[in-house]
Amino acid sequence: MTVSNAQSGILDRLSAGETLVFDGATGTYLQKHGLEPGGSPELMNANEPEVIQGMAKQYFDAGSDIVLTNTFGGNRFMLEKYGAGDRVFELNRLGAEHARSVAPPGKFVAGSIGPTGEFIEPLGTVTEEDLYETFAEMATAFETGGADAVMIETQLAIEEASIAVRAAKDNTNLVVMSTMVFDKGPRGYFTMMGVTPEQAVQGLEQAGADIVGTNCGNGIERMVEIATKMRATTDKFLVVQSNAGLPVIRGGETCYLETPEFMSKHFKRLADLPINILGGCCGTTAEHISSLVQSVKSL
C-alpha cells in the first residue's frame, strides 16, 4: 500500500488552529470482543481482522480524526512472549492496513508503539541498537501499511522514547508523536523512571518529536494539571489522551467510572489551554469520543 497523501495534513490542520480528536481505548474494546486474558492483541491483526477493522470504524464513526493501530505491544520483545518475534513487520503492517481500510477521507491513522518492558544496558540486557531496530521495523511497517503518523505512547523512560522517536524519524516520512505516563506523588508528577512533565516535553522535543504530551495513568482532572505544566513549558503542539478515571474493581470486573459527560467538561478546559489533540485512553469508549467531539469541535 502507498502512504496516505494526508501525512503532513495533521500538522497543517493543527497549524491552522484546528483541534483534532484521537480515538478511545483499544484494550477495553478488544476485551469485549474476544481477546482472552493474557492473549496477544497484535495476533488478532492476523487472526481476527474483522474485529480490528470494526474497532477502527467505530471510532471513526464517533468522530475521531486520528485512530491508533492495534500494535501497542508490536515490538519484538513483547511478541517473542507469544512465539511471534519474527512477525514484527507483518503484524504492524496489518495493524496499519486494517485502520486505513476503514478510514474516511480526511481522517488519519497513527501507528501505536508502546513500551518494550525492557531496560537498556547496564540496567538491563538490551542495547540501544536492539531497541532502535525493533522501533524502526515497526515504523516502516506502519508506513507500508498506509499510516500517516507514529504514536510512541505510555512511555516511562526518556531514553527509550527518544530512541523510538529517532528510529521513526530516520526511517519514515511519518509525523512522529510521543507521550509519557505520570503518577502523582508527594513531590508532584513523575513517570516511574523519574521524569517530570516538563522534562518529558523538553526531552521528547529534543529527540525530534513533532507532537508531545501525555496519555494513560490518570483521569481527566489530573490530566488537566499535567497538561497545564506541559503547556507552560512549550508553545509547540501537545496531545493528551485521558483515562476514564482510575480503574476500580466491581463484581470482579475492572471498571472506569468517568462518564462521557463528566470528561467532556474537562476536555473543554484542555482545548482552551490549548491542547491541540485530545483523545481517550483506558476505559474510554466511542460514546466518550462522540461527547468529546461535540464539546471541542463547537468551540
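Normalised by the number of residues in the range 9-213, the mean separation of alpha-carbon contacts (under 8 Å, six or more apart) gives a relative contact order of 16 percent.
Given R0 = 25 Å, the distance between the Cβ atoms of Lys32 and Ala232 translates into a calculated FRET efficiency of 0.05.
Can you give the convex hull volume per residue for the Cα atoms of the chain, as a whole number of Å³? Walk me through the numbers on the way to the answer.
On the way: hull volume 37.5 nm³, N = 299.
Value for the chain: 125 Å³ per residue.
Exposed loop sites, defined as trypsin sites (Lys or Arg not before Pro) outside DSSP H, G, I, E and B with at most 16 other Cβ atoms within 10 Å, are absent from the longest region of the chain, namely 82-186.
Among DSSP bridges having both ends in the chain, what percentage is antiparallel? Round to the nearest 5.
Numbers: 6 of 33 bridges.
Roughly 20 percent of the DSSP beta bridges within the chain come out antiparallel.
For Val126, the residues 5 or more places off, or on other chains, whose built amide H falls under 5 Å of its own are Phe119, Glu121.
Counting only other residues whose beta carbon sits under 14 Å from that of Thr154, what net charge do I get with K and R as +1, D and E as -1? It would help to have the intermediate numbers written out before the result.
Numbers: positive: none; negative: Glu153, Glu160, Asp183.
Combined, the nearby Lys, Arg, Asp and Glu give -3.
Per-residue Karplus couplings for the range 184-194, computed as 6.51 cos²θ - 1.76 cosθ + 1.60 with θ equal to phi - 60°, are listed in order as 9, x, x, 9, x, 9, 9, 6, 4, 9, x Hz, Gly and Pro entered as x. Taking springs between alpha-carbon atoms closer than 10 angstrom, which of Ile152, Ile120, Ile275 fluctuates most in the Gaussian network model of the chain? Judging by the Gaussian network model, the answer is Ile120.
Mean residue ellipticity, 222 nm, helices only, the chain: the sum of -39500 (n - 2.57) across DSSP H runs of n ≥ 4, divided by residue count and rounded to 500, is -13000 deg cm²/dmol.
Fewest-first ordering of Thr233, Thr71 by other beta carbons within 10 Å of each residue's beta carbon gives Thr233, Thr71. Of Ser40, Ser15, Ser162, which has the largest mean-square fluctuation in a 10 Å C-alpha GNM of the chain? It is Ser15.
Amide H contacts of Val67 (H built 1.01 Å from N, in plane; Pro and chain starts excluded): Phe108, Val109, Ala110 sit under 5 Å, all sequence-distant by 5 or more or on other chains.
Taking amide H positions as modeled 1.01 Å from N, with prolines and chain starts lacking one, the residues under 5 Å from Gly245 and 5 or more places away or on another chain are Gly219, Ile220, Glu258.
If the elastic network links every pair of Cα atoms under 10 Å, which of Ala149, Ala16, Ala96 fluctuates the most in the Gaussian network model of the chain? Largest GNM mean-square fluctuation: Ala16.
I need the calculated FRET efficiency for the pair Asp183 and Arg250, taking r as the beta carbon distance and R₀ as 25 Å, to the nearest 0.05. If you can, show how the numbers build up before the last one.
On the way: r = 23 Å, r/R0 = 0.91.
Rounded to the nearest 0.05, the efficiency is 0.65.
Charging the Cβ of each Asp and Glu at -1 and of each Lys and Arg at +1, and nothing else, the dipole of the chain about its Cα centre rounds to 940 debye.
Bear in mind these aren't lab numbers, they're just calculated from the coordinates by the rules spelled out. Source: prediction; values computed, not measured. Positions of Cβ are backbone-derived with ideal geometry, glycine not excepted, and every protein chain shown enters the neighbour counts.
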